[in-house]
Amino acid sequence: MPSNYDDVEPTTEAPSPEATSTETEEPEVRFADLGIDARVLAALSDVGYEKPSPIQAATIPALLEGRDVVGLAQTGTGKTAAFAVPALSRMADLPPSKATQILVLAPTRELALQVAEAFSSYAAHLENFTVLPVYGGSAYGPQLNGLRRGAQVVVGTPGRVIDHINKGSLDLSELQYLVLDEADEMLRMGFAEDVEQILSGTPDDKQVALFSATMPSQIRRISKKYLNDPAEITVKSKTTTGANTRQRYLQVMGPHKLDALTRILEVEEYGGVLTFVRTKVATEDLADKLRSRGHRAAAINGDIPQQQRERTIEALRDGKIDILVATDVAARGLDVERISLVVNYDIPHDTESYVHRIGRTGRAGRTGDAILFMTPREKYLLRAIEKATRQPVEQMHLPSADKVNELRQGKFAERITETLSSEDVAQFRDLISNYEDEHDVPAAEIAAALAFMAQGGEPLFVKELPKVPEHQKKDRSKDGFGSRGPTRTLTEGNATYRIAVGRRQRVMPGSIVGAIANEGGLTSGQIGGIDIRSDHTL
Ligand code: ADP
Ligand code: MG
């Protein structure tokens with residue numbers, strides 16, 4: 001398996017007073033040199049890992065030694081194996097027990113499931129080893145049964161783990177090893193109290209590993225309070241994004257995004273596609289539109305029940321659907337190798353989200369493509385992204401109407417040929433030749449009418465989209481915000497609303513669209529013209 005990690009440059013953070021730092025180096029290291037249990041080593045070879053990633057090369061020996069560890073590395077750097085492999089290695093040496101020895105806390109159900117799955121694969125050669133995921137939003141029954149039967153490894157979301165502790169169904173008195181995975185995300189999701197409660201309520205002599213992409217002060221505090229002289233290991237990527245992901249941007253105005261996307265889908269070669277939009281409503285909306293244009297697409301967002309989300313992700317993995325339309329939250333941590341194209345349909349709010357988004361492709365050493373849709377006004381975000389990822393994002397141009405039409409013509413001809421070779425055509429032959437005789441219309445005319453019918457009223461060919469002006473007037477400040485009137489004509493068929501802020505409050509059209517779109521669950525396309533007056537806005 002090709003390795004994804006050659007471009008990663010390990011660096012070490014300035015040591016904090018009580019944390020020793022470990023210098024990490026380019027891993028010429030092999031898994032076999034790290035002191036991993038032979039059965040776990042065999043499982044790593046089964047899953048096809050060639051060599052440890054930098055974070056793995058640094059944390060595995062420290063954790064095998066029994067030290068607490070704080071590991072900081074971006075998404076996709078292999079943190080799961082970095083804590084799971086040494087944990088399993090240590091447990092493999094202990095006398096068999098049914099007690100829960102390893103507990104991993106993860107922020108979401110999806111991540112808990114992913115980690116549990118990874119654990120199971122690394123534990124494949126260990127006998128009588130059970131890994132149990134526990135998470136909120138699903139029935140207690142099966143989890144209770146699983147816990148009663150005994151699971152050496154429990155992977156769960158903090159809230160549900162606390163529930164089980166309080167119910168008495170999860171006994172952590174024999175816990176040896178506690179992992180906080182994606183610690184920053186857990187805190188961001190409001191799990192700080194739960195996490196601290198679990199940390200303080202478990203045996204003092206347990207080993208603790210904390211993994212995170214960033215190190216906010218709250219995590220530093222938790223690490224000082226609950227970890228024992230941790231080895232602090234930081235692996236900074238030279239480029240935060242995989243070098244095997246090609247990044248491009250396309251200048252396109254909001255109303256043309258859908259056409260732009262469908263054209264790209266027609267001309268680009270892709271496996272699975274992940275498309276990011278900003279709101280939950282927009283995920284459904286875009287997925288619907290793509291389906292009505294003949295694509296196999298589905299939406300995932302935070303409102304869709306977890307089980308259905310998982311089924312959808314599974315469908316993408318299995319190739320039953322090709323396009324997933326998602327919000328940032330719903331796609332966090334998503335690991336589907338088949339995704340070869342990430343489309344930022346709506347530009348992300350910050351560079352961090354961008355990096356997370358495009359990190360969903362180019363997984364496990366594969367190459368990936370990332371395309372960013374952007375209006376000229378959003379160009380400043382592009383600069384920020386290039387700065388943050390230290391990689392240029394190339395401009396791409398929309399596949400021309402000619403190119404798309406040529407492809408469509410070819411496909412249409414193919415369909416005719418295919419249909420002609422099927423037996424079912426025979427039943428219409430007489431009907432057509434009768435029509436030809438009776439109406440005295442040439443066969444080509446009849447065929448054209450049938451083709452029109454077959455298209456169901458949709459035009460076969462696309463038209464050239466209007467060009468985006470390179471330097472769109474974005475600065476209205478010279479003569480006051482919005483003094484040139486509505487940004488678009490007030491739209492027919494829409495209702496007009498009056499908002500009690502205007503030029504005096506220095507509002508801008510963008511912030512109004514943003515507010516309505518975020519709070520009201522609309523897409524910007526559903527919002528018509530905005531006319532900012534002195535003390536109100538229409
Ligand atoms: P993180 O938790 O840092 O985001 P993961 O643990 O989810 O990263 O790993 C990301 C991907 O890399 C997974 O598909 C995983 O199977 C793969 N991976 C992990 N370690 C290695 C390795 N040493 N060699 C090849 N692939 C690896
Ligand atoms: Mg992870």
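The values are calculated or read from the model by the stated rules, or taken from the named source; none is laboratory data. This structure is a prediction, so every number in the text was calculated from the model and none was measured. Because the Cβ atoms are built from the backbone with ideal geometry, glycine has one as well, and the counts that use them run over all protein chains shown. The protein model used for the area step is the full one, side chains on, heavy atoms only, and it has no ligands, DNA or RNA in it. Shrake-Rupley method; radii C 1.70, N 1.55, O 1.52, S 1.80 Å.
Take the conditions within 16 Å of ligand 1 (Cβ to nearest atom), part of a loop (DSSP other than H, G, I, E, B) and under 24 Å from the mean Cα position of the chain (by Cα) and apply them to Pro133. Does it pass? Against the criterion (within 16 Å of ligand 1 (Cβ to nearest atom), part of a loop (DSSP other than H, G, I, E, B) and under 24 Å from the mean Cα position of the chain (by Cα)), Pro133 does not qualify. Mind counting the residues in the range 39-58 that are away from ligand 2 (no atom under 16 Å from the Cβ) and either touching a helix residue (DSSP H, G or I) at 6+ places or on another chain (Cβ under 7 Å) or part of a loop (DSSP other than H, G, I, E, B) (or both)? Total meeting the criteria: 8.
Return the residue satisfying two criteria in turn: it lies in the range 198-218 and is over 21 Å from Ile102 (Cα atoms) and in contact with a helix residue (DSSP H, G or I) (Cβ under 7 Å, 6 or more places away or on another chain), and of such residues it is nearest to ligand 2 (Cβ to nearest atom).
Just the residues of the range 198-218 that are over 21 Å from Ile102 (Cα atoms), to begin with: 213-218.
Cutting the leftovers down to in contact with a helix residue (DSSP H, G or I) (Cβ under 7 Å, 6 or more places away or on another chain) gives us 213-214, 216, 218.
Numbers: Ala213: 9, Thr214: 13, Pro216: 17, Gln218: 19 Å.
The qualifying residue nearest to ligand 2 (Cβ to nearest atom) is Ala213.
Residue pairs whose Cβ atoms lie under 6 Å apart, separated by 6 or more positions or on different chains, with the first residue in the range 178-204 and open to solvent by 40 Å² or more (accessible area, probe 1.4 Å) and the second within 16 Å of ligand 1 (Cβ to nearest atom) and not in a strand (DSSP E or B), are Met189/Pro107. Checked against (1) at pLDDT below 95; (2) more than 17 Å from Phe211 (Cα to Cα); (3) not in a helix (DSSP H, G or I), Ile36 passes all but a single condition, namely (1). Pairs only if they're at least six apart or on different chains, beta carbon under 7 angstrom, first in the range 77-88 and under 19 Å from Pro107 (Cβ atoms) and in contact (Cβ under 8 Å) with a residue 12 or more places away in the chain, second within 9 Å of ligand 2 (Cβ to nearest atom) and among the β-branched types (Val, Ile, Thr); list them, first residue then second. From the range 77-88, the pairs are Thr80/Val115. The lone criterion from (1) aliphatic (A, V, I, L, M); (2) surrounded by 23 or more Cβ atoms within 10 Å (Cβ to Cβ); (3) without any contact (Cβ under 8 Å) to a residue 12 or more places away in the chain left unmet by Ala139 is number (2).
State all residues of the range 412-463 that are touching a residue at least 40 places away in the same chain (Cβ under 8 Å) and surrounded by 11 or more Cβ atoms within 10 Å (Cβ to Cβ); if no residue qualifies, say none. Lay out the reasoning, then the answer.
So in the range 412-463, the residues touching a residue at least 40 places away in the same chain (Cβ under 8 Å) come out as 412, 460-463.
Within the range 412-463, Phe412, Leu460, Phe461, Val462 qualify.
Across the range 29-47, the number of residues qualifying as over 23 Å from Glu110 (Cβ atoms), open to solvent by 10 Å² or more (accessible area, probe 1.4 Å) and within 9 Å of ligand 1 (Cβ to nearest atom) comes to 1. Of everything in the range 210-221 that is open to solvent by less than 10 Å² (accessible area, probe 1.4 Å) and touching an Asp or Glu at 6+ places or on another chain (Cβ under 7 Å), the residue that is farthest from Leu72 (Cα to Cα) is Ile219. Taken over the range 142-157, the residue count meeting the criterion of being surrounded by fewer than 22 Cβ atoms within 10 Å (Cβ to Cβ) and more than 19 Å from Glu310 (Cβ to Cβ) is 6. Residues of the range 61-88 that are out of contact with any strand residue (DSSP E or B) (no Cβ under 6 Å at 6 or more places or on another chain), more than 15 Å from ligand 1 (Cβ to nearest atom) and outside any loop (DSSP other than H, G, I, E, B): Leu64 alone. Number of residues in the range 111-130 that are open to solvent by 30 Å² or more (accessible area, probe 1.4 Å) and either in contact with a Cys (Cβ under 8 Å, 6 or more places away or on another chain) or over 15 Å from Arg39 (Cβ atoms) (or both): the value is 4. Meeting the requirement of 3 or more residues that are closer than 30 Å to Lys463 by Cβ and of a type outside the set (Phe, Trp, Tyr), the strands (runs of 3 or more DSSP E) wholly within the range 189-287 are 245-251, 272-276.
Please tell me if Gly141 is at pLDDT below 90, out of contact with any Ser or Thr (no Cβ under 7 Å at 6 or more places or on another chain), assigned to a helix (DSSP H, G or I) and more than 15 Å from ligand 1 (Cβ to nearest atom). Yes; evaluated as a whole, the condition is true for this residue.
Picking from Glu127, Glu117, which residue would you name as being more than 16 Å from ligand 2 (Cβ to nearest atom) and either among the acidic types (Asp, Glu) or within 20 Å of Ile313 (Cβ to Cβ) (or both)?
On the way: Glu117 fails: more than 16 Å from ligand 2 (Cβ to nearest atom).
Answer to the check: Glu127.
Would you check if there is a residue in the range 466-482 being modelled with pLDDT of 75 or more, assigned to a loop (DSSP other than H, G, I, E, B) and surrounded by 13 or more Cβ atoms within 10 Å (Cβ to Cβ)? No, the range 466-482 has no match at all. The number of residues in the range 350-402 that are surrounded by 15 or more Cβ atoms within 10 Å (Cβ to Cβ), among the hydroxyl-bearing types (Ser, Thr, Tyr) and in a loop (DSSP other than H, G, I, E, B) comes to 2. Using the structure shown, decide if Ser97 is polar (S, T, N, Q), open to solvent by less than 10 Å² (accessible area, probe 1.4 Å) and at pLDDT below 95. No. Evaluated against (1) part of a strand (DSSP E or B); (2) more than 22 Å from Asn244 (Cβ to Cβ), Gly294 falls short on exactly one condition, (1).
Could you count how many residues in the range 282-315 are farther than 18 Å from Asn344 by Cβ, among the hydrophobic types (A, V, I, L, M, F, W, C) and at pLDDT 90 or above? The number of residues fulfilling the criteria is 3.
Kindly check whether there is at least one residue in the range 5-14 that is within 16 Å of ligand 2 (Cβ to nearest atom), of a type outside the set (Phe, Trp, Tyr) and modelled with pLDDT under 95. Checking the range 5-14: at least one residue is within 16 Å of ligand 2 (Cβ to nearest atom), of a type outside the set (Phe, Trp, Tyr) and modelled with pLDDT under 95. From the residues in the range 100-110 that are within 13 Å of ligand 1 (Cβ to nearest atom) and open to solvent by less than 10 Å² (accessible area, probe 1.4 Å), which one is nearest to Glu352 (Cα to Cα)? The qualifying residue nearest to Glu352 (Cα to Cα) is Pro107.
Can you confirm whether the range 81-102 contains a residue that is within 11 Å of ligand 2 (Cβ to nearest atom) and not aliphatic (A, V, I, L, M)?
At the first step, the residues of the range 81-102 found to be within 11 Å of ligand 2 (Cβ to nearest atom) are 81-84.
From what is left, the residues that are not aliphatic (A, V, I, L, M) are 83.
Yes: the range 81-102 contains one or more residues that are within 11 Å of ligand 2 (Cβ to nearest atom) and not aliphatic (A, V, I, L, M).
With respect to Ile222, is the statement that it is closer than 30 Å to Asn405 by Cβ, out of contact with any Cys (no Cβ under 8 Å at 6 or more places or on another chain) and not polar (S, T, N, Q) true?
On the way: closer than 30 Å to Asn405 by Cβ: no; out of contact with any Cys (no Cβ under 8 Å at 6 or more places or on another chain): yes; not polar (S, T, N, Q): yes.
No; evaluated as a whole, the condition is false for this residue.
Every residue in the range 65-80 that is more than 14 Å from ligand 2 (Cβ to nearest atom) and closer than 19 Å to Leu41 by Cα, please. Working first, answer last.
Keep residues of the range 65-80 that are more than 14 Å from ligand 2 (Cβ to nearest atom), which gives 65-70.
Within the range 65-80, Glu65, Gly66 qualify.
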